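Data block below; observations after.
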Amino acid sequence: MSTSNGPLTAEQTLWVAVLLAGPTALLSGLTAAREGGLRFAGGAGPIQILVDGDRQYPDLRRRLPLDMPAVLVRRTTVMPEEHRQVGRPMRTSMARSLVDAAGRARSDDEAQAIIAAGCQQRRVVPAEILAALRWLPRVRRRRLIAAAAADANGGATALSEIDFVRLCRRHRLPPPDLQQRRKDRAGRVRYLDAYWRRWRLHVEIDGAHHMDVREWAADMRRQNDVWIAGDRILRFPAYLIRVRPAEIVDQLSAALRAAGWPG
């Protein structure tokens, strides 16, 4: 596995964990999702392994090299062939990995962010999440994961957009169209976070990256293009959806009424 006396590489640690865990072991959860290309903030955490629940496996604590990160082994009796992904080493499918990761997340917000990240980065489509859930009736946060996938299926591709859609629903505001494709005056394709076509109202939900000076200048150009096209535009920082939702509801309601919504 390793022909040198130096520290193990990240790839080698994954191989060690899988090979020591036994013949049916697979990378799982966030470990598998990241190996499949998912970008997700936060610490790496332990290497997550899934094994067949009907087999006996050796205790890894005394067998792992000293420079190995922690390895978390879980058992499952549900592993259909479609949940296996060929890789080096083998891992669970992206949909199964995201469902498992969301179920094990530290909070509901993190669980929803994991599902949203998978959909936003085009690593999975919401229907695949829902299909994986049908095999896992006892997974933790099952209803929340299904709701996050359903919201993503409606166009929400970030946690802030999911929160925004739920805010509109809770206060009986008309639902927006999400991630609407549109060309600017230069012919470049842009995506509107939320758009009410009937009332020509556009809402942008700005994450922290919009504070960067280059993003800020590009945002102003896009906002000007929206105004020139004849649409109203509102912009909210993502954190405001959770910190002061009533303020967003008041301004959104006022903008919709000003555009002709009867309320």
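For segment 132-155, a residue qualifies if it is open to solvent by less than 60 Å² (accessible area, probe 1.4 Å) and either in contact (Cβ under 8 Å) with a residue 40 or more places away in the chain or of a type in the set (Val, Ile, Thr) (or both), and the qualifying residues are ALA132, LEU136, VAL139, LEU144, ILE145, ALA148.
Take the residues of segment 41-60 that are open to solvent by less than 40 Å² (accessible area, probe 1.4 Å) and at pLDDT 75 or above: which is nearest to ARG96 (Cα to Cα)? So, considering only residues that are open to solvent by less than 40 Å² (accessible area, probe 1.4 Å) and at pLDDT 75 or above, the one nearest to ARG96 (Cα to Cα) is LEU50. The single condition among (1) free of Cβ contacts under 8 Å to residues at least 12 places away in the same chain; (2) in contact with a helix residue (DSSP H, G or I) (Cβ under 6 Å, 6 or more places away or on another chain) that ARG172 does not meet is (2). Looking across segment 83-109 at every residue that is in contact (Cβ under 8 Å) with a residue 40 or more places away in the chain and of a type in the set (Asp, Glu), the one that is most open to solvent (accessible area, probe 1.4 Å) is identified as ASP109.
Could you run through segment 61-83 and say how many residues are in a loop (DSSP other than H, G, I, E, B), at pLDDT 85 or above and of a type in the set (Lys, Arg)?
Of the residues in segment 61-83, 0 are in a loop (DSSP other than H, G, I, E, B), at pLDDT 85 or above and of a type in the set (Lys, Arg).
One line per residue, one yes/no per condition, for (1) of a type in the set (Lys, Arg); (2) within 29 Å of THR9 (Cβ to Cβ):
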residue: VAL86; (1), (2): no, yes
residue: PRO89; (1), (2): no, yes
residue: THR92; (1), (2): no, yes
residue: ARG96; (1), (2): yes, yes
residue: ASP100; (1), (2): no, yes
residue: SER107; (1), (2): no, no
residue: GLU110; (1), (2): no, yes
residue: GLN121; (1), (2): no, yes
residue: VAL124; (1), (2): no, yes
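If you go through segment 234-252 and keep only what is open to solvent by 40 Å² or more (accessible area, probe 1.4 Å) and not in a helix (DSSP H, G or I), you end up with ARG235, PRO237, TYR239, ARG244. So, ARG222, is that one at pLDDT below 90 and of a type outside the set (Val, Ile, Thr) or not? Yes, satisfied. Just so you know, in segment 174-198 the residues that are surrounded by fewer than 18 Cβ atoms within 10 Å (Cβ to Cβ) and modelled with pLDDT of 80 or more include one that is nearest to the chain's Cα centre (by Cα), and it is ASP177.
The values are calculated or read from the model by the stated rules, or taken from the named source; none is laboratory data. Quantities reported herein were computed from a predicted structural model and do not represent experimental measurements. Backbone-built Cβ (ideal geometry, glycine too); neighbour counts: all protein chains shown. Quick note on the areas: whole protein, heavy atoms, side chains included, nothing else; ligands and nucleic acids left out. Shrake-Rupley method; radii C 1.70, N 1.55, O 1.52, S 1.80 Å.
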